[in-house]
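In what follows, a structure is listed as structure tokens, so that the remarks can point back to it.
The values are calculated or read from the model by the stated rules, or taken from the named source; none is laboratory data. Computed from a predicted structure; not experimentally measured. All Cβ positions, glycine included, derive from the backbone under ideal geometry; neighbour counts span all protein chains shown.
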Amino acid sequence: MSHGQTLLVDVPGVHIAKRSKAPGYQAYFCRVGALEIRKAINDGDGKQLPNKAIFKEMKFPTEIKPGFYNIKNVLLTSNGSIQLCATATTMWERTFIY
């Protein structure tokens, strides 16, 4: 992946944890495995990837619990920041609950 590129991907091993000082949840990408690229939407410009990642228009499912999840069918873009964006077919697959 390079700067400006957009891909449809599956992101395995996203760690979801409760926030310590506020209600809600937080996502950690420390143990994310290799992304499965489902489709290349557009090419990038070959420049360096940004160092900031954000969820854009993606919400945690109401039934989510702390643990590890594979997030399937998300758009991954890298323009200014690395952005994970939900699609109409985005699914959260629970792999481990603690």
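Name the single residue that is surrounded by the fewest Cβ atoms within 10 Å (Cβ to Cβ) among those in the stretch 60-81 being under 14 Å from the mean Cα position of the chain (by Cα) and over 17 Å from residue 15 (Cβ atoms). Don't jump to the end; show me each part of the working.
Going through the stretch 60-81, the residues under 14 Å from the mean Cα position of the chain (by Cα) turn out to be 60-61, 68-78, 81.
Now restrict to residues that are over 17 Å from residue 15 (Cβ atoms): 73, 75-78, 81.
Details: 73: 16, 75: 19, 76: 20, 77: 20, 78: 21, 81: 13.
In this case the residue turns out to be 81.
Looking across the stretch 12-44, the residues that are modelled with pLDDT of 90 or more and under 14 Å from residue 78 (Cβ atoms) come down to 35, 37, 40, 41, 42, 43. At least 1 residues being of a type in the set (A, V, I, L, M, F, W, C) and either on the phi > 0 side of the Ramachandran plot or in contact with a Ser or Thr (Cβ under 6 Å, 6 or more places away or on another chain) (or both) is the threshold, and among the strands (runs of 3 or more DSSP E) wholly inside the stretch 24-98 those reaching it are 36-42, 53-56, 67-78. Checked against the criterion of being within 15 Å of residue 91 (Cβ to Cβ) and basic (Lys, Arg), the candidates 39, 65, 47, 59 yield just one match: 59. Put simply, of 70, 51, 42 the only residue that is touching a strand residue (DSSP E or B) at 6+ places or on another chain (Cβ under 8 Å), more than 24 Å from residue 96 (Cα to Cα) and of a type outside the set (A, V, I, L, M) is 42. With respect to (1) more than 16 Å from the chain's Cα centre (by Cα); (2) loosely packed, with under 11 Cβ neighbours inside 10 Å, the lone exception for residue 30 is condition (1).
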